[in-house]
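Data first, discussion second: the structure below is written as structure tokens.
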Amino acid sequence: MEKFKILMLSDHALSTSGVGCQSRFLIEGLIKKGCWTFRQFGAAVKHDNYDLVAVNPDFVIKPIDGFGNRQLILETIATEKPDLLLIFTDPRFFIWLWEMEDEVRQVCPIAYWHVWDNRPVPEFNRPFYEATDLINCHSHLTYEMVSSLFPEKTNFIPHALPEDLYRQLSEREISQHRNQVLGSDRKDHFVLFWMNRNARRKRPADLLWSWKLFKDKVLQEQKDFNCSLLLHTDPRDQEGPNLLAVAEHFDIIDDVVFSTERIDFDAINILHNISDACINISYAEGFGLTTLESMQVGNPIIAAKTGGLTRQVVDHRDGSENGVALNVEFQSLVGSQNVPYILEDYVSAQTVADGIYKLWSLPDADRKALGQKAKDYVMSEFSYQKTIDLWHESLLNLVNQWKTDKPKLWTINEVRT
């Protein structure tokens, strides 16, 4: 069978970033279709090793700093002759590429794996969308906005995770891991999990404030506070606040557990399984992979109804909730010279605390049933195989259409005198 070659620009597919992991899952899934081969420029700020990585003959990665440049792409498309160029990350990183789209599209089409965090519709991105032949959006909100501008080339294909990556463990395994990770004194605690970078957009200090308010509310009803907030993050990250100091300020340092080491998928799976629920209150969240992971292991989630989180925490088929959906209470229109306008969505600390309390108050059986509902929803609406199939079909259609209807962006005419 003929194999089509994809040149991909994104985070390094073997890295731990969300973009990197999703790149890897997509590449591995498409390779199994038998008709795709990938050459990836794997981006990072700085790599430990710049040697070529051949995962297998159809999955080859060249580590680079940043996301490439004009000369690199011109040389690569001339030598590799790819059937399509696939790009994936924030559009601001690819302005240089869209500025040379006429040269790229003499060789192959450009496909874009896209997310945009929030409304208003980003009209200022129109030149980028015009220079792209296929736009696959992994959040439904992004799809709604972009398809209003370019319905003929925009699709909704949600993020998805291999089913064996995050999975439910047995009660015995969960009990053992709770003792090992949290300690025997927390084995019967209600555990709320948060996994994000300690950065302003993720609102980690507000989460600690909410946890304080939640604790106060519980202690109004009972003597003991048998609850733990598990955070997988760096509490001293320079992009965010000193979370240890914040926890001490609110006098909740003994009610918070920090997981700070870099860990693999199996260890992350354990953190999800020893937790009762997962929370994300970011004011801007294109998708939110941590909550999807949590739902896949059978846990309910608490999430603000913003960006890609909305379609996770709310079942779009009937409006029911897969945990606790937090209504946006305040919006701020912000922007910069590159991104003139975009909304930030906020939920108050008290509302977040009330949402945690609501889930904590449920009987164990009801909370487990809600978690099973969340898992069933993921298996239906965020199916890994369905996502791979949709990507396969859309890319195959693009390549085949390009071969028959390749646009003539420029021509050279010889003039004889």
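The values are calculated or read from the model by the stated rules, or taken from the named source; none is laboratory data. Note that the coordinates shown come from a computational prediction; the quantities given were computed from them, not determined experimentally. Cβ atoms come from the backbone with ideal geometry, glycine included; neighbour counts cover every protein chain shown. SASA here: full protein model, heavy atoms, side chains in, ligands and nucleic acids out. Shrake-Rupley method; radii C 1.70, N 1.55, O 1.52, S 1.80 Å.
Max-minus-min Cα coordinates of the range 136-213 on each principal axis give 57, 34, 18 Å, with the largest extent listed first.
Per DSSP H run of n ≥ 4, the term is -39500 (n - 2.57); total these for the chain, divide by its residue number, and report the mean residue ellipticity at 222 nm rounded to 500 deg cm²/dmol.
Details: 15 runs with 154 residues, N = 417.
One gets -11000 deg cm²/dmol as the mean residue ellipticity at 222 nm.
What FRET efficiency would be calculated for the residue pair residue 316, residue 78, taking the C-beta separation as r and a Förster radius of 45 Å, to the nearest 0.05? Calculated value: 0.50. Summarising the label geometry, the points placed 7 Å from Cα in the beta-carbon direction at residue 55 and residue 239 lie 2.2 nm from one another. Look at the alpha carbon pairs under 8 Å that are at least 6 residues apart: their mean separation over the length of the range 182-233 gives a relative contact order of 63 percent. For the range 351-401, the Kirkwood estimate of the hydrodynamic radius, built from every pair of different alpha carbons, is 13.9 Å.
A 1.4 Å probe over all protein chains sorts 142, 310, 89 by accessible area into 310, 89, 142, starting with the largest. Taking the convex hull of the alpha carbon positions in the range 108-240 and averaging its projected area over all directions gives 13.1 nm².
Could you order 223, 3 so the one with the most accessible surface comes first? Probe is 1.4 Å.
Numbers: 223 185, 3 95 Å².
So, going from the largest accessible area down, we get 223, 3.
The GNM of the chain, with springs linking C-alpha atoms under 10 angstrom apart, assigns the highest mean-square fluctuation among 117, 364, 185 to 185. Across q = 0.10, 0.14, 0.19 Å⁻¹, the range 307-417 modelled as identical point scatterers on its alpha-carbon atoms has Debye log10 I(q)/I(0) values of -0.59, -0.87, -1.08, in the order of the q list. For the pair residue 70 and residue 123, label points projected 7 Å from Cα toward Cβ lie 3.0 nm apart. The range 233-294 and the range 357-395 have Cα centres spaced 21 Å apart. Per the Kirkwood formula applied to alpha carbons, the range 299-360 shows a radius of gyration over Rh ratio, Rg over Rh, of 1.07. Think of a 1.4 Å ball rolled over the protein heavy atoms: the range 285-361 then has 36 Å² of accessible area per residue. Rolling a 1.4 Å probe over the protein heavy atoms gives the range 117-199 an accessible area of 44 Å² per residue. Each label was represented as a point 7 Å from its Cα along the Cα-to-Cβ direction; for residue 93 and residue 225 these points are 4.0 nm apart. Quick one: net charge around residue 344, please, counting Lys, Arg +1 and Asp, Glu -1 for every other residue with C-beta under 14 Å from its C-beta. Summing Lys/Arg as +1 and Asp/Glu as -1 gives +1.
Restricting things to alpha carbons, find the Rg to Rh ratio for the range 165-279 using the Kirkwood radius for Rh. Before the final figure, lay out the partial values.
Values: Rg = 14.2 Å, Rh = 14.7 Å.
When Rh is taken as the Kirkwood radius, the ratio is 0.96.
Taking all protein chains in place and a 1.4 Å probe, what share, in percent, of the accessible surface of the range 241-289 do carbon and sulfur account for? Result for the range 241-289: 48 percent of the exposed heavy-atom area is carbon or sulfur. Once Rg and the Kirkwood radius are both taken over the C-alpha atoms of the range 233-311, their ratio Rg/Rh works out to 0.98.
Would you mind telling me the share, in percent, of accessible area of the range 300-353 contributed by carbon and sulfur at probe 1.4 angstrom? Write out the running numbers ahead of the final one.
Values: 1120 of 2280 Å².
Taking all protein chains in place, the range 300-353 shows 49 percent carbon and sulfur surface.
The alpha-carbon atoms of the range 1-158, seen along their principal axes, cover 42, 37, 31 angstrom, with the largest extent given first.
Neighbours of residue 49, meaning other residues whose beta-carbon lies under 13 angstrom from its beta-carbon, give a summed charge of -1 when Lys and Arg score +1 and Asp and Glu score -1.
Share of the range 57-213's accessible area from carbon and sulfur, percent, 1.4 Å? Percent of accessible area from carbon and sulfur atoms in the range 57-213: 49. Most fluctuating residue of 186, 167, 311 in a GNM of the chain with Cα springs under 10 Å: which is it? Of the options given, 186 has the highest mean-square fluctuation.
In this structure, residue 62 and residue 376 have a Cβ-Cβ separation that, at R0 = 45 Å, corresponds to a calculated FRET efficiency of about 0.65. When Cα Rg over 2.2 N^0.38 Å is calculated for this entry, the matching label among [x] 1.06; [y] 1.79; [z] 1.01 is [x].
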